[in-house]
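Structure record follows, encoded as structure tokens.
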Amino acid sequence: MRGPQYLKWRDEQARGANIQNLRFSELAKLTIRLPERLEQRRIAARLKAQLAEVETTRQAVQAQWTEFQLLKSKAFQSLFDNIADWRPIGSVARLQSGYAFKSETFKPSGIRLLRNANILPGKVYWDNSVHISEEDAQKFPSYELATGDVLISLDRPIISSGIKVARVSETDLPALLLQRVGRFLLDKSRCDADYLYAYLQTDRFITEISGHDQSLGVPHISPTQVEAVEIPLPDLPTQRRIAKRLVEITDTWTMATKALQRQLEDLTVLPQHLLAQAFEN
């Protein structure tokens, strides 16, 4: 049985909910192409060389990935190195925690409640949303979200893909702020929203909020802890210039890492294609 046929047979013979198991009695019935010994050695040698080359390339791409992470961090850091004035975030932006809406008031439709589950690094998403009625929502005007609001998840704020901070867009509204999500209420005369949002994604800020208390095994941070972290505070024109530069760096880094990710994905499946090709010939 050749490569693709074997893979089809393997999937058909799989047993179990999460783990694939192959029955020996069925495996023993398989037939394979058996060329002369010299041809077998030639195929094996070619495959060994090809797979070694794939692994060398994979390691090189992985090294590039690591290097890009460091370059982004260093580029961000360099923008803040020459700023002398550092102040607690709380001196320019109070962090408002969401309201503890009771689950029994949740409705299948109405005004959405922005929960911790609705924030991923860099975006708000509503795949799993809860609502309250429009009548109930009118009782909580101080928790109404607005376009451009800067948000941070207070439960498990750091995940493998980054820190869970996001901005509210027009398509996210209307919505109310739920407990364990924080919204920054800025003193706009002293702190630019784009600048704060960019700073929240730096390694310096992430390090400062890492390792805080846990609740039932879930890492969480409080508004007080976030407000205590220091932020460099140049004048507003400088903040806007730095924020623009941070966006440019992030966009470039994102494009490069996406390309590297595609290469890694291709290199992950390439060995299977090489094996199938070798036994098809």
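Table: residues versus (1) small (Gly, Ala, Ser); (2) at pLDDT 85 or above; (3) outside the structural domain of residue 90 (by TED's automatic domain parsing); (4) in contact with a helix residue (DSSP H, G or I) (Cβ under 8 Å, 6 or more places away or on another chain).
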{"site": "201", "(1), (2), (3), (4)": "no, yes, no, yes"}
{"site": "207", "(1), (2), (3), (4)": "no, yes, no, no"}
{"site": "211", "(1), (2), (3), (4)": "yes, no, no, no"}
{"site": "222", "(1), (2), (3), (4)": "yes, yes, no, no"}
{"site": "225", "(1), (2), (3), (4)": "no, yes, no, yes"}
{"site": "240", "(1), (2), (3), (4)": "no, yes, yes, yes"}
{"site": "247", "(1), (2), (3), (4)": "no, no, yes, yes"}
{"site": "264", "(1), (2), (3), (4)": "no, no, yes, yes"}
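Report, by residue number, each residue of segment 150-167 that is among the small types (Gly, Ala, Ser) and either touching a helix residue (DSSP H, G or I) at 6+ places or on another chain (Cβ under 9 Å) or modelled with pLDDT of 90 or more (or both).
Going through segment 150-167, the residues among the small types (Gly, Ala, Ser) turn out to be 153, 160-162, 166.
Scanning segment 150-167 gives 153, 162, 166.
Quick one: is residue 167 under 19 Å from residue 117 (Cβ atoms) and surrounded by fewer than 17 Cβ atoms within 10 Å (Cβ to Cβ)?
On the way: under 19 Å from residue 117 (Cβ atoms): yes; surrounded by fewer than 17 Cβ atoms within 10 Å (Cβ to Cβ): yes.
Yes.
Candidates 83, 32: the one that is in contact with a strand residue (DSSP E or B) (Cβ under 6 Å, 6 or more places away or on another chain) and either outside any strand (DSSP E or B) or exposed (fewer than 11 other Cβ atoms within 10 Å of the Cβ) (or both) is 83.
Figure legend. Inter-residue proximity from segment 98-112: first residues within 17 Å of residue 144 (Cβ to Cβ), second residues part of a strand (DSSP E or B) and of a type in the set (D, E, K, R), beta-carbon distance below 8 Å, spacing 6+ or different chains. Indicated pairs: 98/183.
Here residue 63 does not qualify as surrounded by fewer than 14 Cβ atoms within 10 Å (Cβ to Cβ) and in contact (Cβ under 8 Å) with a residue 12 or more places away in the chain.
Among all residues of segment 239-254, there is none that is among the aliphatic types (A, V, I, L, M) and part of a strand (DSSP E or B).
The criterion of at least 2 residues that are on the phi > 0 side of the Ramachandran plot is met by none of the strands (runs of 3 or more DSSP E) falling completely within segment 104-194.
When the residues of segment 96-121 are narrowed to those that are over 30 Å from residue 187 (Cα atoms) and either among the small types (Gly, Ala, Ser) or at pLDDT 95 or above (or both), which ends up surrounded by the most Cβ atoms within 10 Å (Cβ to Cβ)?
Out of the qualifying residues, it is 110.
Please find, within segment 61-95, the residue that is farthest from residue 153 (Cα to Cα) out of those that are small (Gly, Ala, Ser) and modelled with pLDDT of 85 or more. Per the criteria, the residue is 84.
Of the residues that make up segment 171-185, is at least one more than 24 Å from residue 83 (Cα to Cα), out of contact with any Ser or Thr (no Cβ under 7 Å at 6 or more places or on another chain) and β-branched (Val, Ile, Thr)? Yes: segment 171-185 contains one or more residues that are more than 24 Å from residue 83 (Cα to Cα), out of contact with any Ser or Thr (no Cβ under 7 Å at 6 or more places or on another chain) and β-branched (Val, Ile, Thr). When segment 40-93 is filtered for residues that are among the hydrophobic types (A, V, I, L, M, F, W, C) and more than 26 Å from the chain's Cα centre (by Cα), the ones remaining, listed by number, are 43, 44, 45, 47, 49, 51, 52, 54, 83, 84, 86, 92.
The values are calculated or read from the model by the stated rules, or taken from the named source; none is laboratory data. Because the structure is predicted, anything quoted here is derived from the model rather than measured. As a convention, Cβ positions derive from the backbone with ideal geometry for all residues, glycine included, and neighbour counts pool all protein chains shown.
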